[in-house]
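The structure appears right after this line, and notes come after that.
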Amino acid sequence: MSQAQVVVIGGGIAGLAAAAFLSGAAGGPARARVTVLEASGRVGGKLWGGEVGGVRVDLGAESMLARRPEGTELARAVGLAEELEAPTTAKAAIWTRGALRPLPGGQVMGVPGDLAALSASGVLTSAGLERARHEERTEVGEDVAIGRYVADRLGQEVVDRLVEPLLGGVYAGRADEISMRAAVPQLLPIARGGGSLVEGVHALASRPQTVGTPVFAGLRGGLGTLPEAVAEACVKAGVDLRTDAPVAELRRTPEGWRVVVNGEVLHADAVVLAAPAPEAARLLRADAPAAAAELDTVEYAGMALVTLAFRRADLAGLAQLQGGSGFLVPPVDGRRIKASTFSSNKWGWLERSAPDAFLLRTSLGRHREEEALELPDEDLVARSLADLKEAVGLTARPYDTFVSRFTAGLPQYPVGHLDRVARVRAATDRVGALAVCGAAYDGVGIPACIASAAAAAAAVDRLLTPATGEGSTERTMGA
């Protein structure tokens, strides 16, 4: 009998990874015939590359966590092993209290583990530093908001000037709402242990497996090459990959699933739903209303990225742009931008590919502050240039610009998020022959999304593998 048919709904990195795992494109045997349906005109979601000023750059996410293996392993599996590259040793800064100040070492997501480094950075006022030196013991239950916990332990200024900008770079969210258990679970045992938070973070940051190991990785040519390579490998493995293919309807049938796309009806033995939460909720409303109701509660933050291309000669003598990788901006400082990356300093491959150009980018917008997304591109460019002038003295004009918009880009992880995810999966399990994956569930980072895709592919494979043993042609489907 022929292989089972699996439809993957969503062509972001999670959906592409699930297709690669099921089709054998990522190595291993092919476990199913796979069709990927992506509603937009391209695959990759927030991983997206293009040219600005004649230079290939990332227009979306530019790096992935290297201390989790899933992202780099998938890159190697699809032929990008030689393209993996760590960032340069350029250092990041915090633009706060009227100056660029070095990002303190020894911290974990802004939670300090080295008060000497924190003091030397000048990020905190003397009063804020003194408060951080006198920890207040607090109780931690099943879960807690990172910002509220750290404010109680070390003072509000640590949250305002360190935790907020670090978390904002990942979630575009608010520290006093984001779940420690979901977003920074490695801090939870420290918080529950009853000892010093600073000492616990210091021990965590000093572990041998982390010291000297690059935290992040990118790809020569940009991280946007990853979904392109995964998609190419999938197609070579026989995956039917369709863009401009929005799913109008998803319904359970006695044999599996009925998928309606562009007026065509597809029949699948199983489905991997890798779409954002609002779209997943819409598709599940008929057959898994409890899951849909939970997914309807997922909030998203919108953001815009402004990429600016300068002629390097126009920046001669601008010391603040020499050597640094960029800076983060605490919301408490009231700036327009929330971060800037000096891409040509951060990525050696970019400097090598365009030695006469200097590429940098800014980000704007966060949860419940997405009004920037409504502004014309030229206004976002102007806002970025105004802040860059004040931060680093930049007065040169870019010779090219590009604005990327992510209207519902980053799902928020409030306290209780993981319980919500468990309820979603319990509800979809009851429907059967269905698995969900992506940024709305187990982590917004690329390795986390790929890990959730691997779990979804394995779950589907178990559903389609007969209880009588591997290799049998009988299939057991969920009820």
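The table below gives the values:
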item: Largest-first ordering by accessible area, 1.4 Å probe, given options S206, S325; result: S206, S325
item: Alpha-carbon Rg/Rh ratio, for the range 5-64, with Rh computed the Kirkwood way; result: 1.09
item: Listed residues C449, A75, Q412: farthest to the positive end of the dipole of the chain (Cβ charges); result: A75
item: Residues with amide H under 5 Å from that of I94, placed H, sequence gap 5 or more; result: R101, L103, L328
item: log₁₀ of I(q)/I(0) at q = 0.14 Å⁻¹ - the chain, Debye sum with one point per alpha carbon; result: -1.39
item: Cα-based shape type of the range 244-300, given that a ≥ b ≥ c are square roots of the gyration tensor eigenvalues and the cut on a/c is 1.5; result: oblate
item: Whole-Hz couplings from phi, Karplus 6.51/-1.76/1.60, listed for the range 26-41; x for Gly and Pro; result: 9, x, x, x, 6, 9, 6, 8, 10, 10, 10, 10, 10, 5, 8, x
item: Sequence-distant residues sharing a close amide H with A357 (under 5 Å, placed H); result: R312
item: Positive-end residue, the range 166-265 charge dipole about Cα centroid, Cβ charges, pick of G218, P208, T253; result: P208
item: Listed residues G128, L434, V57: farthest to the positive end of the dipole of the chain (Cβ charges); result: G128
item: Point-charge dipole on Cβ atoms (K/R +1, D/E -1) for the range 275-375, about Cα centre, debye to 20; result: 480 debye
item: Overall dimensions of the range 67-185 by Cα: Rg and Dmax, Å; result: 16.8, 52
item: Near-label residues of the range 165-181 by backbone N, under 13 Å of a point 7 Å along Cα→Cβ of R368; result: 173-178
item: Size of electric dipole in the chain: Cβ of Lys, Arg +1 and of Asp, Glu -1, about Cα centre, debye, nearest 20; result: 500 debye
item: Spacing of the two label points (7 Å from each Cα toward its C-beta) at T407 and R192, in nm; result: 4.1 nm
item: Theoretical gain in end-to-end length, A422 to A458 [0.36 nm per residue, Cα-Cα removed]; result: 11.2 nm
item: Local net charge near R336, Cβ-Cβ under 15 Å (Lys/Arg +1, Asp/Glu -1); result: -4
item: Whole-Hz couplings from phi, Karplus 6.51/-1.76/1.60, listed for the range 251-259; x for Gly and Pro; result: 9, 6, 10, x, 8, x, 9, 10, 10
item: Surface share of carbon and sulfur [accessible, 1.4 angstrom probe, percent] for the chain; result: 51 percent
item: Mean residue ellipticity (222 nm) of the chain, computed from DSSP H runs ≥ 4 via -39,500 (n - 2.57), nearest 500; result: -9500 deg cm²/dmol
item: Under 12 Å, Cβ to Cβ, from L188 - net charge with Lys/Arg +1 and Asp/Glu -1; result: 0
item: Under the span-like rule (Cα at least 18 Å along the axis, Kyte-Doolittle mean at least 0.5), DSSP H helices of the chain; result: 446-464
item: Percent RCO, i.e. relative contact order, over the chain, from Cα pairs under 8 Å lying at least 6 residues apart; result: 23 percent
item: Reachable lysines from K389, criterion Cα separation under 30 angstrom, eight or more residues apart if same chain; result: K46, K91, K338, K346
item: Base-10 log of normalised Debye intensity for the range 298-418 (one unit scatterer per alpha-carbon) at q = 0.10, 0.14, 0.15, 0.19 Å⁻¹; result: -0.33, -0.62, -0.70, -1.03
item: Estimated vicinal HN-Hα couplings, Hz - the range 306-315 in sequence order (Karplus 6.51, -1.76, 1.60; Gly, Pro = x); result: 10, 9, 10, 10, 10, 7, 4, 4, 6, 9
item: Probe 1.4 Å, all protein chains present, accessible-area order of K389, K338, largest first; result: K389, K338
item: Accessible area per residue, Å², the chain with all protein chains present, probe 1.4 Å; result: 41 Å²
item: L318 versus A120: modelled label distance in nm, points set 7 Å from Cα along the beta carbon direction; result: 2.9 nm
item: Radius 12 Å from Cβ of G122, net charge of other residues (Lys, Arg +1; Asp, Glu -1); result: +3
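The values are calculated or read from the model by the stated rules, or taken from the named source; none is laboratory data. All values derive from a computational prediction rather than experimental measurement. For neighbour counting, all protein chains shown are included, and Cβ atoms are generated from backbone atoms with ideal geometry for every residue, glycine included. Just so you know, the surface numbers come from the protein's heavy atoms only, side chains and all, with ligands and any DNA or RNA stripped out. Shrake-Rupley method; radii C 1.70, N 1.55, O 1.52, S 1.80 Å.
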